[in-house]
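The values are calculated or read from the model by the stated rules, or taken from the named source; none is laboratory data. Values in this document were obtained by computation on a predicted structure and should not be read as measured data. Methodologically, a virtual Cβ is constructed for each residue, glycine included, from the backbone with ideal geometry; neighbour enumeration extends over all protein chains shown.
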Amino acid sequence: MTKKIIKSPISISEFDASYSDGGPVYSLPPECFTGDDFYQFELNAVWGHEWFCVGRANDIPKAGDYYTIDVGEDPLIVIRDRSGSINVVSNVCQHRGMLIVEGRGNTRRLRCPLHAWVYSTGGELVTAPGLTDKDEEDFNIKDVCLPKIRTEIWEGFIFVTYDESLPPLSDRLANLGEQLSNYKLSELRASEPLKMEAFDWNWKIFNDECYHCSVLHGGSWGEMYPLPPGSVDEQAKYNDADKGLVAYNLISQHKDAAPTHTGSILQPPMASLTDQEREQLSYITVAPNMFLVAMPDKVKFFIWLPKSATETWYGVSWMYPESTLERDDYQKNFQQEHDDLWQVMEEDLFAWRAMQKGMHSKHAPRGRLASEEQVIQRLQNWLVDMYRAEDKRADAQLAETE
């Protein structure tokens with residue numbers, strides 16, 4: 001991710017207090033959410049050595065469909081080629097560094113707007129005016145291509161990694177796929193493509209828990225989906241913290257309950273679900289950047305990508321069975337649920353913005369985590385393990401140069 005391996009600018013021993021090993025657990029140092037130096041370290045430690053989600057395959061259904069994203073300062077193109085495969089390639093022309101495309105669209109080939117260097121949808125250079133048309137002896141077109149990012153599809157989600165040595169994604173998510181099989185994730189679709197927006201806070205602010213639900217959302221969510229004692233189950237079967245899978249279930253008071261003003265789902269329940277799955281909402285984080293909410297009628301997903309130490313790209317999508325999307329009342333019901341939840345979303349945005357501001361204060365704390373924050377404890381363990389591994393890689397590289 002960054003051009004060289006660097007040691008953590010925060011002493012790695014500082015993270016011991018944020019690691020759950022049977023004793024009290026404290027939040028991460030505030031500098032983890034504000035410091036540019038730590039952000040650069042973290043780009044390597046986390047984003048450079050793990051699979052992360054960059055979108056949904058059915059958002060680019062046709063050959064030549066593409067969209068662009070940024071991971072830190074790395075602009076990428078996600079594109080479907082003629083064979084139907086999805087490629088993720090650098091969006092930087094290998095001639096003079098010009099961005100090749102912006103936004104989303106459809107194209108037969110990727111053409112740089114600066115000098116008309118043309119690449120295939122797989123990233124191979126096809127033509128380079130002034131070079132390929134003049135048979136320059138010292139220029140071999142096969143030596144030039146857009147850097148290609150390792151890519152795998154899981155249940156219709158597009159994942160990438162910069163680490164060529166990492167085990168296949170299936171090694172990490174196969175069990176989760178089986179556990180969620182009744183939701184038929186690969187068959188679900190949103191009515192419109194995912195849209196990523198920029199927000200002014202660090203990507204870790206999005207880490208989810210329900211300790212705040214009855215406080216921050218007491219007058220919004222709480223009125224639609226009550227949370228009596230014992231309704232938050234942090235021992236959900238989806239948990240596998242070593243693989244960066246952290247989850248909890250909200251146990252509903254009745255079948256097909258949902259946070260709407262009716263107290264129930266507004267779209268038809270998915271016929272493939274068990275009674276138990278229709279009596280709970282499952283919240284599953286796939287670290288570092290995907291959050292699934294499995295509900296009786298749909299699966300919502302959230303993804304985020306780092307923009308800077310204090311900025312993040314963030315997007316939300318609601319996925320349904322095709323039969324739901326084809327209903328005459330789909331859009332009306334969707335809009336109603338969206339409106340019902342809008343206050344909850346505004347409360348989250350308020351909290352995320354205020355937390356980021358607080359992290360910059362000289363009085364910013366490393367607060368003691370409560371027992372109801374097992375989700376955060378598990379996520380912190382996963383993060384600290386990534387930080388420790390990167391710091392060791394930096395030490396090893398330093399030893400080699402001495």
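Look at the range 341-350 and say how many of its residues are of a type in the set (A, V, I, L, M, F, W, C) and surrounded by fewer than 16 Cβ atoms within 10 Å (Cβ to Cβ). Give the steps one after another, and end with the answer.
Filtering the range 341-350 for residues of a type in the set (A, V, I, L, M, F, W, C) gives 341-342, 344-345, 349-350.
From what's left, surrounded by fewer than 16 Cβ atoms within 10 Å (Cβ to Cβ): 342, 345, 349-350.
Residues that pass the stated criteria total 4.
One line per residue, one yes/no per condition, for (1) buried (at least 18 other Cβ atoms within 10 Å of the Cβ); (2) over 19 Å from T260 (Cα atoms); (3) touching a residue at least 24 places away in the same chain (Cβ under 8 Å); (4) among the hydroxyl-bearing types (S, T, Y):
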residue	(1), (2), (3), (4)
D339	no, no, no, no
H360	no, yes, yes, no
S371	no, yes, no, yes
V375	yes, yes, yes, no
Q380	yes, yes, yes, no
K392	no, yes, no, no
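Does K300 satisfy the condition of being at pLDDT 95 or above, farther than 20 Å from Q374 by Cβ and within 23 Å of the chain's Cα centre (by Cα)?
On the way: at pLDDT 95 or above: yes; farther than 20 Å from Q374 by Cβ: yes; within 23 Å of the chain's Cα centre (by Cα): yes.
Yes.
Looking only at the range 313-330, count how many residues are among the polar types (S, T, N, Q) and either at pLDDT below 95 or not in a helix (DSSP H, G or I) (or both).
Residues that pass the stated criteria total 1.
Within the group R388, R353, R366, which residue is of a type outside the set (G, A, S), more than 21 Å from the chain's Cα centre (by Cα) and assigned to a helix (DSSP H, G or I)? Lay out the reasoning, then the answer.
Values: R353 fails: more than 21 Å from the chain's Cα centre (by Cα); R366 fails: assigned to a helix (DSSP H, G or I).
Going through R388, R353, R366 in turn, the sole match is R388.
Taking the criterion of being within 26 Å of the chain's Cα centre (by Cα), at positive phi, surrounded by 15 or more Cβ atoms within 10 Å (Cβ to Cβ) and not β-branched (V, I, T), would at least one residue in the range 58-78 satisfy it? I'd like the intermediate steps shown before the answer.
Step one: list which residues in the range 58-78 are within 26 Å of the chain's Cα centre (by Cα), which gives 58-78.
Then keep just the ones that are at positive phi; that gives 64, 72.
Narrowing the set further to residues that are surrounded by 15 or more Cβ atoms within 10 Å (Cβ to Cβ) leaves 64, 72.
From the residues that got through so far, the ones that are not β-branched (V, I, T) too are 64, 72.
Yes: the range 58-78 contains one or more residues that are within 26 Å of the chain's Cα centre (by Cα), at positive phi, surrounded by 15 or more Cβ atoms within 10 Å (Cβ to Cβ) and not β-branched (V, I, T).
With respect to C112, is the statement that it is of a type outside the set (A, V, I, L, M), touching a Cys at 6+ places or on another chain (Cβ under 6 Å), buried (at least 19 other Cβ atoms within 10 Å of the Cβ) and farther than 28 Å from E50 by Cα true?
Values: of a type outside the set (A, V, I, L, M): yes; touching a Cys at 6+ places or on another chain (Cβ under 6 Å): yes; buried (at least 19 other Cβ atoms within 10 Å of the Cβ): yes; farther than 28 Å from E50 by Cα: yes.
Yes: the conditions hold for C112.
Which one of these does S214 not meet: (1) part of a helix (DSSP H, G or I); (2) at pLDDT 95 or above; (3) among the hydroxyl-bearing types (S, T, Y)?
Condition not satisfied by S214: (2).
Filter the range 229-239 for residues that are assigned to a loop (DSSP other than H, G, I, E, B) and in contact with a strand residue (DSSP E or B) (Cβ under 9 Å, 6 or more places away or on another chain) and give the result.
Our first condition is that a residue be assigned to a loop (DSSP other than H, G, I, E, B); within the range 229-239, this holds for 229-231, 234-239.
Correct list: G230, S231, E234, Q235, A236, K237, Y238, N239.
Among the candidates T132, T151, T161, T127, single out the residue that is farther than 20 Å from P61 by Cα and in contact (Cβ under 8 Å) with a residue 40 or more places away in the chain.
Values: T132 fails: in contact (Cβ under 8 Å) with a residue 40 or more places away in the chain; T151 fails: farther than 20 Å from P61 by Cα; T127 fails: in contact (Cβ under 8 Å) with a residue 40 or more places away in the chain.
Answer to the selection: T161.
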